[in-house]
Amino acid sequence: MPAATHLLWATGSTVGLSPALADRHASDTAAQEATFVLYAVAAAVGLVLLVLRRGRALPLSCLLYTSLSVPLLAAGVGSAALSGWGGWLLLGSLTALAGEDRAATPLIHVTYAVQVIIGLLVLAAGARFFARRAAAPDPAA
């Protein structure tokens, strides 16, 4: 859901934006929204690749020398950017004065809140991945 909303905003749509925010919607804002889409895609692709590799067990010492580092990096960077920026922007949108013309709309609040939740869920999935990996028997032994 956040990826779709950010994709709409990146393509120039002003759906869910207040009139003042819609007027300020410029090319630099579109570039920022496009990066949020890329972060969401990176987190999702990294998580899917990690889930698909579940049956293969490698020792943690081989982590940097395998193709496993690419999905971990994608999932880690994507989820960190989603949850970090989503939290920061949610805090900013919630503390904006309601009487101002720059006040955030409910769609903005929901988009940032779901963005934080998705980022934290991917982080939890990564932690679970490492816990299962640490508990798995070493195939080299």
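Among the listed residues Ala43, Ala3, identify the single one that is under 20 Å from Leu123 (Cα atoms), surrounded by 15 or more Cβ atoms within 10 Å (Cβ to Cβ), in contact with a Ser or Thr (Cβ under 8 Å, 6 or more places away or on another chain) and at pLDDT 80 or above.
Only one candidate passes the filter, namely Ala43.
The set of residues in segment 16-31 that are under 25 Å from Ala43 (Cα atoms) and touching a residue at least 60 places away in the same chain (Cβ under 8 Å) contains only Gly16. Every condition in (1) under 18 Å from Tyr112 (Cα atoms); (2) at pLDDT 75 or above holds for His25 except the one numbered (2). Pairing residues of segment 118-139 that are under 27 Å from Trp85 (Cβ atoms) with residues that are of a type in the set (S, T, N, Q) and outside any helix (DSSP H, G or I), at Cβ distances under 6 Å and at least 6 apart in sequence or on separate chains, gives no pairs at all.
Is there a residue being more than 19 Å from Met1 (Cα to Cα), of a type outside the set (D, E, K, R), assigned to a helix (DSSP H, G or I) and modelled with pLDDT under 85 anywhere in segment 95-109? Scanning segment 95-109 turns up at least one residue that is more than 19 Å from Met1 (Cα to Cα), of a type outside the set (D, E, K, R), assigned to a helix (DSSP H, G or I) and modelled with pLDDT under 85.
The values are calculated or read from the model by the stated rules, or taken from the named source; none is laboratory data. Given the structure is predicted, the values throughout are model-derived calculations rather than measurements. Cβ atoms come from the backbone with ideal geometry, glycine included; neighbour counts cover every protein chain shown.
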